[in-house]
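The structure appears right after this line, and notes come after that.
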Amino acid sequence: AELAQMRPKVNIMQTKLEQLHKKVEEGKREHSKREEYEKRKQEEKKDRKAASLVLKAISERADKAQKALLHLEQSAKPLVSVGQEDLNSVEKPLTARNAVTSASKSLSSLVGEAKEC
């Protein structure tokens, strides 16, 4: 008799226990999803930082190459500014030629470095 009276209470408690188990499992899944989301977020942050560093390095090398190009143009100006017939009128042609060669090598080296990035 007493056992029969306890049966509905036991069934209710069992139902509540099952619901609690379901909530715990659902909480575990949600927690796992949140952890995965945070992990991806951290990885993306690291990737963005790495990309930023690479872009900065490339930008710096491109700026150096741009300056070297301007230096080459300035060095070549005495030779380029005169026509083919007037090359004899250039003051210190060998000095100008050596400056152009040096600037050209420097530019080639900097462009090579920029391409390596």
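The values are calculated or read from the model by the stated rules, or taken from the named source; none is laboratory data. Treat the numbers as computed from the prediction; the structure is a model and nothing was measured. Here the Cβ is made from the backbone with ideal geometry for all residues, glycine too, and neighbour counts use every protein chain on show. When the accessible area is computed, the model is the full protein with side chains, heavy atoms only, and any ligands, DNA or RNA have been set aside. Shrake-Rupley method; radii C 1.70, N 1.55, O 1.52, S 1.80 Å.
Within the set of pairs 6 or more residues apart or between chains, which connect a residue that is more than 14 Å from residue 101 (Cβ to Cβ) inside region 61-79 to a residue that is among the hydrophobic types (A, V, I, L, M, F, W, C) and open to solvent by less than 50 Å² (accessible area, probe 1.4 Å) with Cβ atoms less than 7 Å apart?
Here the result reads 61/110; 61/114; 62/114; 64/110; 65/107; 65/110; 65/114; 69/107, each pair linking region 61-79 to a residue that is among the hydrophobic types (A, V, I, L, M, F, W, C) and open to solvent by less than 50 Å² (accessible area, probe 1.4 Å).
Which of (1) under 30 Å from residue 108 (Cβ atoms); (2) hydrophobic (A, V, I, L, M, F, W, C); (3) over 25 Å from the mean Cα position of the chain (by Cα); (4) open to solvent by 100 Å² or more (accessible area, probe 1.4 Å) is the odd one out, the single condition residue 68 does not satisfy?
(4)
Of 30, 38, 26, which residue is acidic (Asp, Glu) and open to solvent by 90 Å² or more (accessible area, probe 1.4 Å)?
26
Just to be sure, is residue 56 under 30 Å from residue 95 (Cβ atoms), of a type in the set (D, E, K, R) and surrounded by 10 or more Cβ atoms within 10 Å (Cβ to Cβ)?
no
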